[in-house]
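Chemist: My questions all concern the structure below.
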Amino acid sequence: MSHPIIDNALGAVGNTPLVRLDKVAAQFGLKCNLLAKLEFLSVGGSIKDRIAKAMIEAAEKEGKLIPGQSVVIEPTSGNTGIGMALACAIKGYRCIITLPNKMSLEKEAALRALGAEVVRTPTEAAWDSSESHIGVAKKLQRRIPGGIILDQYRNVNNPLIHEMATGPEIIDAIAATPSTPARPSSGKVDVVIAGAGTGGTITGVSRAMKKVHNKECIIVGVDPKGSILAVPEELNTADNGSMYVVEGIGYDFIPDVLSRDAADVDSWIKTGDEESFAAVRVLMRSEGLLVGGSSGSALCGAQKWFKTEAGQKVAQTEGKNVVIILADGIRNYMSKPWFLSMALEAEPSELAASIADIMKD
């Protein structure tokens, strides 16, 4: 199918495909349909392109952004910043991104390539500290003329864009795919599994599903060990305050845009770094999907949820549609030790041994 010419790169935000994970489903022993929303195919490389575009365009409509004067300042783990910097490059706003030290060099490089200024902050700084990425952003806003923080943690347009776009895209893709004897389908979204960072994705997608599509849709949130977003609070106790490597999900505070109400998120799963990175390898080697660490967390969370009572029932029901949101790609993590170890230090295959023998001749 041909596509019309778009006016600029912002027209290539979102509208990402839903793809079957049949090989992974077979490995997990699933009878349900396991589907993935490939957000790394958005123009800036992540699901955060959506909220960056939405927040900037809403601020323009409200008169909060003034061409030639406004400086967009945003505290971020990186992907929202890239979406912001991309939009600012197109629209002509100056951009400053505050970024914790743990976030990858690739993220900083991409931000600077798009013309943004980047300020690194201590990873260990508490969110409400003046030294945190949030505290530094507020300091810069006070001092820089025209500075404005659109604030993904509190901005209603964060969950709203997922309610109005991301969720409906998933619904439309499933509704447009007929059920067949070979590939049975319930015709609706039965489960959505997603990592939680700001919480905008899981909150907005949940509302899209439960309000108008399928009130019985099960929403599963995935939260890294060391974060405090999961409910009930006891899930966070064992690893509270511990550092984790995976980027883009989890926080040491509860963002305003995240709904932890059981009416919105039915269940929470905690995941660790090593098992998340192992799941990244499964997605790469089995499905050819070059995803980032938080996507591994989402798959790991799905695997754990399928072992619960509710998950087992869904797993063994043909036609049930389970959607995993894969938030970003591997581009931003290729210098990270966890990826280099996985890619370059894996045990050699039988084919590698054959190649070595041939090259000896």
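Bear in mind that the values in this text are calculations on the coordinates, not laboratory data. From a predicted model like this one, the values you see are computed outputs, not experimental measurements. Every residue, glycine among them, receives a Cβ derived from its backbone with ideal geometry; neighbour counts consider all protein chains shown.
Chemist: When only alpha-carbon atoms count, how far does the chain stretch along each of its three principal axes, as whole angstroms with the largest first?
Modeler: 62, 60, 51
Chemist: So for the stretch 196-272, Kirkwood radius off the Cα pairs, Stokes-Einstein at 4 °C and 1.567 mPa s: how many µm² s⁻¹? Can you show the working numbers first?
Modeler: On the way: Rh = 12.6 Å.
Translational diffusion coefficient: 103 µm²/s.
Chemist: So which residue, out of Ser276, Ser349, Ser132, gets the largest mean-square fluctuation from a GNM of the chain using Cα contacts under 10 Å as springs?
Modeler: Greatest mean-square fluctuation among the candidates belongs to Ser349.
Chemist: Treat each spin label as a single point 7 Å out from the Cα along the C-beta direction, and report the Ile358 to Ser179 distance in nm.
Modeler: 4.9
Chemist: Hey, another quick one. Stretched out fully, how many nm does the piece from Ile5 to Arg281 gain, at 0.36 nm a residue minus the Cα gap?
Modeler: Contour length minus the Cα-Cα distance gives 95.8 nm.
Chemist: To continue, here is another question. Just to be sure I understand the model, the point goes 7 Å from the Cα along the line to the Cβ. What's the resulting Leu351 to Ile144 distance in nm?
Modeler: Taking the simple label geometry, Leu351 and Ile144 are separated by 4.7 nm.
Chemist: What are the membrane-span-like helices in the chain by this rule: whole DSSP H runs, Cα extent along the axis at least 15 Å, mean Kyte-Doolittle hydropathy at least 0.5?
Modeler: Flagged H segments are 79-91, 350-360.
Chemist: With a cut-off of 11 Å, note down the residues of the stretch 261-284 whose backbone N falls inside the zone around a label point 7 Å from the Cα of Ser242 toward its beta carbon.
Modeler: 271-274
Chemist: Compute the label zone of Glu62 within the stretch 235-274: residues whose backbone N is under 14 Å from the point 7 Å along Cα-to-Cβ.
Modeler: Inside the label zone: 257.
Chemist: Please list 329-336, 235-242, 160-167 highest first by mean number of surrounding beta-carbon atoms within 10 Å per residue. Please list the in-between numbers first.
Modeler: Numbers: 329-336: 19.5, 235-242: 13.4, 160-167: 22.9.
Answer by packing, highest mean first, reads 160-167, 329-336, 235-242.
Chemist: Once the Cβ-Cβ distance between Ala262 and Gln69 is put in as r, and R0 is 45 Å, what FRET efficiency do you end up with, to the nearest 0.05?
Modeler: The pair Ala262/Gln69 has a calculated efficiency of 0.50.
Chemist: In debye, nearest 20: dipole of the chain around its Cα centre with unit charges on the Cβ of K, R (+) and D, E (-)?
Modeler: Rounded to the nearest 20 debye, it is 700 debye.
Chemist: So if I place +1 on the C-beta of Lys and Arg and -1 on the C-beta of Asp and Glu, and nothing else carries charge, what would the dipole magnitude of the stretch 48-149 be about its Cα centre? I want it in debye, nearest 20. Display every interim value, and only then the final one.
Modeler: Details: 15 positive and 11 negative charges, 36 e Å.
Computed about the Cα centre, the dipole is about 180 debye.
Chemist: Filter the trypsin sites (Lys or Arg not before Pro) in the stretch 295-329 to those in DSSP coil with at most 13 other Cβ atoms within 10 Å of their Cβ, and list the result.
Modeler: Counting only loop positions with at most 13 other Cβ atoms within 10 Å, the trypsin sites (Lys or Arg not before Pro) in the stretch 295-329 are Lys307.
Chemist: Using only Cα atoms, locate the centre of the stretch 204-239 and the centre of the stretch 147-197, then give the distance between them in Å, rounded to an integer.
Modeler: 14
Chemist: Beyond a 19 Å Cα-Cα separation, which of these cross-linked pairs lie in this structure: Lys107/Lys336; Lys61/Lys210; Lys188/Lys320?
Modeler: As for pairs spanning more than 19 Å Cα to Cα, those are Lys61/Lys210.
Chemist: Quote the convex hull volume per residue of the stretch 48-149, based on C-alpha atoms, as a whole number of Å³.
Modeler: Dividing the Cα hull volume of the stretch 48-149 by its residues yields 84 Å³.
Chemist: State, to one decimal in nm, how far the label point of Glu274 lies from the label point of Leu105, with both points 7 Å from Cα in the Cβ direction.
Modeler: It works out to 2.7 nm between the two label points.
Chemist: Checking the table Lys138/Lys211; Lys23/Lys270; Lys102/Lys313 against a 32 Å threshold on Cα-Cα, which pairs fail?
Modeler: Lys138/Lys211; Lys102/Lys313
Chemist: Report the gain in length on full extension from Val119 to Lys23: 0.36 nm times residue separation, minus Cα-Cα distance, nm rounded to one decimal. Don't skip to the end; give the middle numbers.
Modeler: Values: separation 96, 0.36 × 96 = 34.56 nm, distance 4.17 nm.
Full extension of this stretch gives 30.4 nm more.
Chemist: Tell me which GluC sites (Glu not before Pro) from the stretch 318-361 have a DSSP coil assignment and no more than 10 other beta carbons within 10 Å of their own. Intermediate values should be presented prior to the final figure.
Modeler: Values: sites: Glu318, Glu345, Glu350; in loops: Glu318, Glu345.
Here the sparse-neighbourhood loop sites are Glu345.
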